[in-house]
Amino acid sequence: MTSKEEIGKSQICSKPSLNEAQAIKLAEAIYDLQVSKVKPLPSYDDQNFYIQTVDDGNNGQREYVLKIMNGNDSVNSELIEVQTCAMKFLFDEGLPTPNPLSTKSGAIMSLEAIEYGGVTQKHMVRLLTYLPGTPAANIKTTPEILFGIGKLAAILDETLTKKFQHSYKKSFDRGEFIWNLSNTPLLKKYTYAIKEENLRQKIEGVINEFESSVKKNLIKFRPCINHGDLNDHNLLVEKINISNGNNGNEYRISGILDFGDMSSGYYVFEVAITIMYMMIESSDPLPVGGYVLAGYESIIPLTDEEKEALFTLVCCRFAQSLVMARYSVLHCPENEEYLMITAKTGWKHLMTLLDIGKEVIEKIWGNTARSYLKKRSGH
């Protein structure tokens, strides 16, 4: 049996490497599509292709995303199935998620033996409707869009936790899944990838704080199913056409992407993850948590225990992202540009949070939330 470290490495490096001709062949063979256009889309450890079909005279040209999952994750068919069914469930509930399409045989996904690089590997293949929009990373986020993102995160969590049923739902209990905030201590295995001693010490301090102040209180947090990756590249927005003197710079959330990190967690985990990612591209990152928190709490108010842990959990998500990015680049340098997206500003933001400290940051978030809600209510 391989070590956990080797498993982590195999997942990062089992990313498929198909060419466009192979993607077309899969789309035609599995889904009976007539493809007119194909192009690769960015991804972390899977491979995605934009697919446009030939105009058949009835439905016009249709747009899809063909998703080929990495070889390591493809083994866990039950988890992939329940993730895909959850996505479809949310779509049917009216949330802006992709809609998974069935194969020619009526299955929701297909395990395919694919040859590339001189070897044949098995990969799970899915076809999702393509969602138009601009990644939130590409716009200047406003208090309104941050509030909306927080609110949508809460609606997503609550809908999944209270309504979604599936025979494989237990698959969300993913044990030592590195991206679940419960597993923050597992980062110790990967911190060697951080060569700068001062940065490594900061990360170790965050891990120690989780172990000493948060871990013992997990039992007090309210459990839910987390999306787990509401980052600014997985959230799409589109402009709203209104005439109120804002020059058309109002946006609404038009898409939620990438359900591959879904797992059993807690409501407060989703808030922390969302705050961390929304801070990344912001020119004024410190108040961001207040706007996101106000949106989330408009649906699910946090308990005192959950609020007490929020600052540390935000820092833990920064630690997860930064450590695993360094580790991933160490083992798969060819994907460095994509893997290091968050790290470009992530280190700076984490250092700022730690330097300012929990008490002051919590005050900033609280004041920002109250001020925004007061303005929103017109008082």
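The values are calculated or read from the model by the stated rules, or taken from the named source; none is laboratory data. None of the values given here were measured: they were computed from a predicted structure. Ideal geometry is used to build each Cβ from the backbone, glycine not excepted, and the neighbour counts take in all protein chains shown. Note: areas computed on protein heavy atoms with side chains; ligands, DNA, RNA excluded. Shrake-Rupley method; radii C 1.70, N 1.55, O 1.52, S 1.80 Å.
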From MET124, MET109, residue being touching a helix residue (DSSP H, G or I) at 6+ places or on another chain (Cβ under 9 Å), in contact (Cβ under 8 Å) with a residue 12 or more places away in the chain and more than 28 Å from ALA325 (Cα to Cα) = MET109
inquiry  = Could you tell me how many of the residues in the range 187-204 are open to solvent by 40 Å² or more (accessible area, probe 1.4 Å) and either within 15 Å of CYS316 (Cα to Cα) or among the basic types (Lys, Arg) (or both)?
reply    = 7
remark   = SER282 passes all but one of the listed conditions (1) touching a helix residue (DSSP H, G or I) at 6+ places or on another chain (Cβ under 8 Å); (2) of a type outside the set (Val, Ile, Thr); (3) open to solvent by 20 Å² or more (accessible area, probe 1.4 Å); (4) at pLDDT 95 or above; the exception is number (4)
query = Within the range 164-216, which residues are of a type in the set (Gly, Ala, Ser) and not in a helix (DSSP H, G or I)?
reply = SER167, GLY175
inquiry  = Show the residue pairs meeting these rules: Cβ distance below 6 Å; 6+ apart or different chains; first residue within the range 203-232 and under 30 Å from PHE89 (Cα atoms) and in contact (Cβ under 8 Å) with a residue 12 or more places away in the chain; second residue in a helix (DSSP H, G or I) and open to solvent by 70 Å² or more (accessible area, probe 1.4 Å).
reply    = LYS220/GLU305
request  = Would you check which residues across the range 250-283 are more than 20 Å from VAL82 (Cα to Cα) and in a loop (DSSP other than H, G, I, E, B) and list them?
outcome  = GLU250, GLU281, SER282, SER283
query = ILE299 versus (1) open to solvent by less than 60 Å² (accessible area, probe 1.4 Å); (2) in a helix (DSSP H, G or I); (3) not basic (Lys, Arg): which is the lone unmet condition?
reply = (2)
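Residues checked against (1) of a type in the set (Gly, Ala, Ser); (2) surrounded by 14 or more Cβ atoms within 10 Å (Cβ to Cβ):
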site	(1), (2)
PRO98	no, yes
MET109	no, yes
GLY118	yes, no
GLN121	no, yes
LEU131	no, yes
PRO135	no, yes
ILE145	no, yes
ALA154	yes, yes
task = Working carefully through the options ARG174, ARG200, find the one that is closer than 18 Å to TYR327 by Cα and of a type in the set (D, E, K, R).
result = ARG200
ask   = Is there any pair linking a residue in the range 70-82 that is within 21 Å of THR161 (Cα to Cα) and in contact (Cβ under 8 Å) with a residue 60 or more places away in the chain to one that is among the small types (Gly, Ala, Ser) and open to solvent by less than 30 Å² (accessible area, probe 1.4 Å), with Cβ under 6 Å and at least six apart or on different chains, and which?
value = GLU78/SER171; LEU79/SER171; VAL82/SER171
ask   = If you check ILE275 against the conditions, is it touching a strand residue (DSSP E or B) at 6+ places or on another chain (Cβ under 7 Å), at pLDDT 95 or above and closer than 20 Å to LEU152 by Cβ?
value = no
key: strands (runs of 3 or more DSSP E) enclosed by the range 17-115 - at least 3 residues per element that are hydrophobic (A, V, I, L, M, F, W, C)   = 35-41, 63-68
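For (1) open to solvent by 50 Å² or more (accessible area, probe 1.4 Å); (2) at pLDDT 95 or above; (3) in a helix (DSSP H, G or I); (4) over 19 Å from GLN320 (Cα atoms), each residue gets a yes or a no:
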position	(1), (2), (3), (4)
TYR338	yes, no, yes, no
LYS344	yes, no, yes, no
LYS348	yes, no, yes, no
LEU354	yes, yes, yes, no
GLU362	yes, yes, yes, yes
ASN367	yes, yes, yes, yes
LYS375	yes, no, yes, yes
HIS379	yes, no, no, yes
key: Odd one out for LYS37, checked against (1) open to solvent by 50 Å² or more (accessible area, probe 1.4 Å); (2) in contact (Cβ under 8 Å) with a residue 24 or more places away in the chain; (3) under 21 Å from PRO132 (Cα atoms)   = (2)
ask   = Taking the condition acidic (Asp, Glu), assigned to a loop (DSSP other than H, G, I, E, B), crowded, with 16+ Cβ neighbours inside 10 Å and out of contact with any Lys or Arg (no Cβ under 7 Å at 6 or more places or on another chain), does ASP229 pass?
value = yes
query = Among all residue pairs at least 6 apart or on different chains, which show Cβ distances below 8 Å where the first residue, located in the range 47-66, is free of Cβ contacts under 8 Å to residues at least 60 places away in the same chain and the second is basic (Lys, Arg) and surrounded by fewer than 13 Cβ atoms within 10 Å (Cβ to Cβ)?
reply = PHE49/LYS39
request  = Taking GLY71 as the residue in question, decide whether it is modelled with pLDDT under 95 and over 24 Å from ILE273 (Cβ atoms).
outcome  = yes
